[in-house]
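The values are calculated or read from the model by the stated rules, or taken from the named source; none is laboratory data. Just so you know, these numbers come straight off a predicted model, no measurement behind them. Neighbour counts are summed over all protein chains in view; Cβ atoms, including those assigned to glycine, are modelled from backbone coordinates with ideal geometry. Only protein heavy atoms, including side chains, enter the accessible area calculation; ligands, DNA and RNA are left aside. Shrake-Rupley method; radii C 1.70, N 1.55, O 1.52, S 1.80 Å.
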Amino acid sequence: MKVLELLDEIEEIVDTGSTFPLTGKVLVDAEEILEVVREIKVELPDEIQQAAWIKGERDRILDEAKREYEAILQDARAQAEALVEQDDITVKAKNRADEIMRVAEANVRNLKMGTFDYIDSILYNFQDKMDQLNAVYFNDMFENLQKTFDAVNGTLTENRNEIKEMIYRAQMEEESK
């Protein structure tokens with residue numbers, strides 16, 4: 001993957017940078033690091049853009065459901081008013097209007113719940129992909145960083161041991177004089 005190669009490049013920049021003795025700090029070219037970071041941003045998957053699309057799609061679906069609900073409700077009221085004008089069927093019209101309202105509300109409720117389930121499914125998949133990306137990129141980066149710190153610490157330990165050996169030899173030479 002291109003992103004992993006770019007992360008390796010950052011690691012190489014840090015590994016080859018000038019070091020300040022005994023501090024563990026490394027001097028690197030900021031522009032070089034920033035360029036690699038920009039490339040990483042370009043290479044990131046489209047899932048981040050998909051989240052914005054999902055939000056817009058959810059709002060669109062909810063607006064559409066609301067318009068449909070209002071249209072059905074308005075139609076039901078119009079039918080109920082027309083039936084009320086006729087005395088014989090006023091009771092039947094009222095019952096029919098109530099039935100239409102129940103059906104319309106049930107349809108809207110079902111549409112809304114289906115929409116929520118759909119959006120939740122998409123968000124769940126997106127969240128899973130983000131967890132996978134986190135596991136792949138950040139764990140590898142942390143492991144590489146840990147290896148680098150361990151290597152630096154090992155080098156410092158070796159250097160200290162060499163200095164101690166030199167001190168010991170110097171003391172032995174002084175005592176033998």
Practice problem: Pop the C-beta distance of residue 118 and residue 74 into the FRET formula with R0 = 30 Å and round what comes out to the nearest 0.05. | Solution: 0.65
Quiz item: At a probe size of 1.4 Å, how large is the accessible area of residue 33, to the nearest 10 Å²?
Solution: 40 Å²
Practice problem: Rounded to the nearest 500, what is the 222 nm mean residue ellipticity of the chain from helices alone, with -39500 (n - 2.57) per DSSP H run of 4+ residues and division by all residues? | Solution: -30500 deg cm²/dmol
Quiz item: Considering only the other residues whose Cβ falls under 13 Å of the Cβ of residue 142, what net charge follows from Lys and Arg at +1 and Asp and Glu at -1?
Solution: -3
Quiz prompt | Set of aspartates and glutamates near residue 92 by C-alpha distance (under 13 Å), chain-local residues within fewer than 8 positions excluded | solution = 81
Quiz item: What order do 148, 16, 157 take when sorted by accessible area (1.4 Å probe), most exposed first?
Solution: 16, 157, 148
Exercise. Given a cut-off of 32 Å, name the pairs among 2/25; 2/55; 55/94; 25/129 whose C-alpha atoms lie farther apart than that in the structure shown.
Key: 55/94; 25/129
Self-check item: Accessible-area value, residue 109, 1.4 Å probe, nucleic acids and ligands omitted, Å²
Solution: 130 Å²
Quiz prompt | residue 128/residue 16 FRET efficiency (R0 45 Å; Cβ-Cβ; nearest 0.05) | solution = 0.75
Quiz item: Quick one: what do you get for the chain if you divide its Cα Rg by 2.2 N^0.38 Å?
Solution: 2.23
